[in-house]
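Structure, as structure tokens:
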Amino acid sequence: MAQINLTVNGKAAHAEVESRTLLVELLRDQLHLTGTHVGCDTSQCGACVVSVDGKSVKSCTMLAVQAEGAQVITIEGLAAADGTLHPMQEMFREHHGLQCGFCTPGMVMSGIDLVESHPDGLTEQQIREGLEGNICRCTGYHNIVKAIAAAWPLMHDKQMPQAAE
Amino acid sequence: MYDFEYHKPGAIDDAVKALGADAEAKALAGGMTFIPVLKQRLAKPSAVVDLAGLGLTGIRREGNALVIKAMTTHREVAMSSEVASAIPALAELASNIGDRQVRYRGTIGGSLANNDPSACYPSAVLALGATIVTSRRRIAAADYFQGMFTTALEPDELITEVSFPIPEKAAYAKFPNPASRYAMVGVFVAKTAAGARVAVTGAGNDGVFRHAAMEAALDQSFTADALKDVTTPESLMNGDIHAGTAYRAHLVGVMARRAVMACK
Ligand SMILES: Cc1cc2nc3c(=O)[nH]c(=O)nc-3n(C[C@H](O)[C@H](O)[C@H](O)COP(=O)(O)OP(=O)(O)OC[C@H]3O[C@@H](n4cnc5c(N)ncnc54)[C@H](O)[C@@H]3O)c2cc1C
Ligand code: FES
Ligand code: FES
């Protein structure tokens with residue numbers, strides 16, 4: 001067993017894990033943060049995406065011990081303490097970017113990474129390519145793409161530039 | 001997943017020692033191939049040696065070569081201005097590997113050590129005549145790849161960096177599997193000081209290979225048109241549920257012509 005220390009949703013977390021424990025298992029089974037889902041065993045579906053040190057990562061394809069010292073943010077860490085949703089969550093609601101909701105935590109985390117890493121604007125094409133690692137069986141993606149585009153001006157507090165690349 | 005001991009050494013020598021001391025120990029880079037393999041219990045290492053603490057990331061220009069350290073991620077290669085100015089085809093190749101999350105963690109060293117027959121990097125390494133630099137020697141691309149999932153690496157040998165001679169121009173064209181994004185067929189074409197080079201991944205039944213007939217045709221005239229009558233023997237192709245041998249042989253020609261047209 002290994003002792004690890006990391007920060008999860010802004011709070012220090014300490015856990016005892018096996019070497020083989022996956023980050024998603026640590027989050028779900030030990031820290032009881034079950035918003036992060038597991039949808040495949042081939043690292044393809046993206047239901048498990050969380051933010052690790054500011055990058056969107058498939059938590060089913062990372063060992064918990066590899067997250068030693070990392071800043072991890074999960075879907076549970078997005079809303080404000082008073083329950084106000086993160087703009088990305090709000091836009092998923094507004095634009096009906098989910099149906100069954102299974103892929104949604106991963107979609108929201110990937111969407112936030114996409115918006116944050118494109119401060120000069122984000123095209124529909126870039127959103128669609130940016131979601132290659134997230135599979136949704138229900139929505140047909142259209143409303144997910146709309147939700148992410150709509151979150152961009154809210155997260156950057158400015159209008160989306162025209163024809164940004 | 002079977003359990004194992006986890007080590008994260010801080011020096012290359014210590015990592016090599018940890019791998020040498022235990023025949024069942026395996027290195028871990030980005031984990032994008034290795035962790036799925038562990039999850040499916042297709043491997044049972046006694047120890048896993050994480051390479052993340054060895055300082056093996058970075059990209060530099062060295063004379064007429066572009067040198068990329070083993071733990072450099074696909075994302076870093078895709079975003080690097082150094083790569084974009086020296087070998088834009090390599091940045092383009094990296095930017096289309098898997099998906100965003102795979103590119104954040106997957107590494108060039110891991111991809112080359114694994115030598116998956118449908119991985120992208122092997123075609124660039126072979127076409128550009130790159131050198132694989134390891135913890136103990138330098139291996140020419142031509143000697144490095146030894147068939148599917150097989151390389152010249154010894155079990156306790158680590159790739160530390162890859163040195164790519166800068167070509168006159170080059171391009172990579174890939175027909176991705178729509179689900180995994182791996183190459184169903186990928187062709188890397190380069191115009192180098194030594195002549196035209198064409199390396200094919202995803203298609204061959206023995207891993208990445210050079211296409212001698214296409215190279216000869218491009219040496220005559222470096223145009224897509226020069227390739228229009230060059231065929232690829234079906235007997236060399238891999239056939240599976242994604243594509244039969246005839247279709248793959250056809251795609252090799254299409255991707256090669258696209259790559260020649262995209263060369264820069
Ligand atoms: C959904 C998905 C899609 C993908 N799509 C593509 C694609 O389109 N094209 C493509 O090319 N690849 C694709 N990949 C594979 C990806 O590029 C991986 O990053 C790569 O194959 C392995 O790199 P890694 O750093 O993750 O290595 P790991 O998985 O950590 O290691 C792979 C193997 O290499 C060994 N190893 C790692 N580093 C070294 C080193 N420095 N020296 C010696 N041995 C080492 C390990 O022991 C292990 O056996 C995809 C993967 C996934 C999950
Ligand atoms: S659970 Fe499917 S990618 Fe992680
Ligand atoms: S909303 Fe059901 S899988 Fe995406």
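The values are calculated or read from the model by the stated rules, or taken from the named source; none is laboratory data. From a predicted model like this one, the values you see are computed outputs, not experimental measurements. Heads up, the Cβs are rebuilt from the backbone with ideal geometry, glycines too, and the neighbour counts pull from every protein chain shown. Only protein heavy atoms, including side chains, enter the accessible area calculation; ligands, DNA and RNA are left aside. Shrake-Rupley method; radii C 1.70, N 1.55, O 1.52, S 1.80 Å.
Let me know the volume per residue of the alpha-carbon convex hull for the stretch A:87-156, in Å³. If you can, show how the numbers build up before the last one.
Details: hull volume 4.8 nm³, N = 70.
Looking at the stretch A:87-156, the number lands at 69 Å³ per residue.
Where does the protein assembly as shown land at 222 nm, in deg cm²/dmol rounded to the nearest 500, when only DSSP H runs of n ≥ 4 count, each adding -39500 (n - 2.57), divided by all residues?
Values: 15 runs with 130 residues, N = 429.
So the calculated ellipticity at 222 nm is -8500 deg cm²/dmol.
So for B:Phe4, B:Phe175, what's the accessible-area order with a 1.4 Å probe, most first? Working shown, then result.
On the way: B:Phe4 15, B:Phe175 60 Å².
Descending order: B:Phe175, B:Phe4.
Using a 1.4 angstrom probe on protein heavy atoms only, which residues from the stretch B:1-27 are buried by at least 50 Å² of accessible area when all chains are present rather than their own chain alone?
B:Met1, B:Asp3, B:Tyr6
Considering only protein heavy atoms, with the full assembly of protein chains and a 1.4 angstrom probe, order B:Ser235, A:Ser117 by accessible area, largest first.
Working: B:Ser235 95, A:Ser117 40 Å².
The ordering from most to least exposed comes out as B:Ser235, A:Ser117.
Ratio to report: Rg/Rh of chain B, with Cα atoms as the point set and Rh obtained by the Kirkwood method; give two decimals. Please report the intermediate quantities before stating the final value.
Numbers: Rg = 18.1 Å, Rh = 18.6 Å.
Value, to two decimals: 0.97.
First obtain the Kirkwood hydrodynamic radius of chain A from its Cα pairs, then insert it into the Stokes-Einstein equation at 4 °C and 1.567 mPa s, and state the resulting D in µm² per second as a whole number.
Numbers: Rh = 16.2 Å.
Diffusion coefficient, whole number: 80 µm²/s.
Quick one: compute the contact order of the stretch A:87-156, relative version, from alpha carbon pairs under 8 angstrom and 6+ residues apart, as a percent. Mind showing how you got there, number by number?
On the way: 78 pairs, mean separation 37.0, N = 70.
It rounds to 53 percent for the stretch A:87-156.
Can you pull the mean other chain C-beta count within 10 Å for peptide B:93-101? Don't jump to the answer; show the numbers that get you there.
Working: counts 0, 0, 1, 2, 0, 4, 13, 16, 19.
Across the residues of B:93-101, the mean count of other-chain Cβ atoms within 10 Å is 6.
Could you quote the convex hull projected area for the protein assembly as shown, Cα atoms only and averaged over all directions, in nm²? Numbers along the way, then the final one.
Details: hull surface 85.3 nm².
Computed as one quarter of the Cα hull surface, the answer is 21.3 nm².
Leaving out ligands, DNA and RNA, and with a 1.4 Å probe, what % of the accessible surface on the stretch B:57-105 is carbon or sulfur?
Values: 820 of 1850 Å².
In the stretch B:57-105, the share of accessible area belonging to carbon and sulfur is 44 percent.
Using the heavy atoms of the protein chains alone and a 1.4 angstrom probe, what is the accessible area of the stretch A:2-75 per residue in square angstrom? Before the final figure, lay out each step's value.
On the way: 2800 Å² over 74 residues.
Ligands and nucleic acids excluded, the figure is 38 Å² per residue.
What percent does the relative contact order of the stretch B:59-262 come to when contacts are Cα pairs within less than 8 Å and at least six residues apart?
Numbers: 469 pairs, mean separation 38.5, N = 204.
Contact order relative to length: 19 percent.
If you consider only alpha-carbon coordinates, what radius of gyration and Dmax does the stretch B:5-50 have, in Å?
Answer for the stretch B:5-50, Rg first and Dmax second: 10.5, 30 Å.
In whole Å, what is the distance between the alpha-carbon centres of the stretch A:58-126 and the stretch B:63-109?
Cα centres, the stretch A:58-126 to the stretch B:63-109: 25 Å.
With every protein chain left in place, what is the accessible area of A:Asp53 in Å² (1.4 Å probe, nearest 10)?
100
Any of A:Lys55/B:Lys169; A:Lys11/A:Lys158; A:Lys55/B:Lys174; B:Lys8/B:Lys39 with alpha carbons more than 22 Å apart? Name them for me. Show your work: numbers first, answer last.
Details: A:Lys55/B:Lys169 33 Å; A:Lys11/A:Lys158 30 Å; A:Lys55/B:Lys174 26 Å; B:Lys8/B:Lys39 20 Å.
Where the Cα-Cα span goes over 22 Å, the pairs concerned are A:Lys55/B:Lys169; A:Lys11/A:Lys158; A:Lys55/B:Lys174.
Calculate, axis by axis, the spread of Cα positions in the stretch A:2-75 along the three principal axes, and write the results as whole Å, longest axis first.
That gives 28, 23, 19 Å along the principal axes, largest extent first.
With a 1.4 Å probe, what is the total accessible area buried between chains B and A, in Å² rounded to the nearest 100?
Values: alone 12060 and 8770 Å², together 18540 Å².
Accessible area lost upon association: around 2300 Å².
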